[in-house]
Ligand code: SF4
C-alpha cells in the first residue's frame, strides 16, 4: 500500500490519552500501540511518593555532609551538632551564660571524641540550683553540703556520686 493510499484511509485516532492508541484498522503494518500519557494515579499517592523521595534525598544529603565531618575532619557531624545544641539548652537552663555554655559544650565534644571518662557537674542529675549550685548527692560525692564552687561545676572530673542527668551526657 502506497503512502498516498494509507493517507486517504486515515481516520482520526482516539484522543483519550488514557486509553491505548489503536491503529485505525486491523492494519498489521501499523506501528505503535500503547499508552501516550500517564495512567491516572491518585494525587495523594503522587504527593506521598514525592515526600518519600524528598526524605530519602535529605537522608542522603545528611550522610554526604557527614562524610566531610568527624571522624574524617574536625568539623562536627550531625549527631555531634544535635548533642551540642541539647547541651547548650541544658547548661543555660542550669544558669550558665550562653558563652560559658558554649565553652562547656565545646569541651564535651573533645571529651567525647577522646573517650575521656570525666564528667561535668552540669551533666549530673544531682546538680541543684541555677547559677548558685549545690550537690544533691554531697555525701557520696564527698563535697560541701551547702554549695558547690562555680569552678568545680564547670570542670571535668571523676565523681563517685555522678549519674548522667540526660541522654546528652556520655
Ligand atoms: S554528684 Fe558529683 S558530679 Fe554530681 S553534682 Fe555532685 S559533685 Fe557534681
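The values are calculated or read from the model by the stated rules, or taken from the named source; none is laboratory data. Since the model is a prediction, treat every value here as computed from it, not as a measurement. Here the Cβ is made from the backbone with ideal geometry for all residues, glycine too, and neighbour counts use every protein chain on show.
General observations
- Filter result for residue 95 (more than 10 Å from the ligand (Cβ to nearest atom), over 27 Å from the mean Cα position of the chain (by Cα), crowded, with 16+ Cβ neighbours inside 10 Å and outside any helix (DSSP H, G or I)): yes
- Among (1) modelled with pLDDT of 95 or more; (2) out of contact with any helix residue (DSSP H, G or I) (no Cβ under 8 Å at 6 or more places or on another chain); (3) farther than 26 Å from residue 66 by Cα - the single one residue 159 does not satisfy: (2)
- Put simply, of 127, 122 the only residue that is within 9 Å of the ligand (Cβ to nearest atom), surrounded by 12 or more Cβ atoms within 10 Å (Cβ to Cβ), touching a residue at least 12 places away in the same chain (Cβ under 8 Å) and under 18 Å from residue 82 (Cα atoms) is 122.
- Test result for residue 114, closer than 30 Å to residue 59 by Cα, touching a residue at least 12 places away in the same chain (Cβ under 8 Å) and either out of contact with any strand residue (DSSP E or B) (no Cβ under 8 Å at 6 or more places or on another chain) or within 14 Å of the ligand (Cβ to nearest atom) (or both): no
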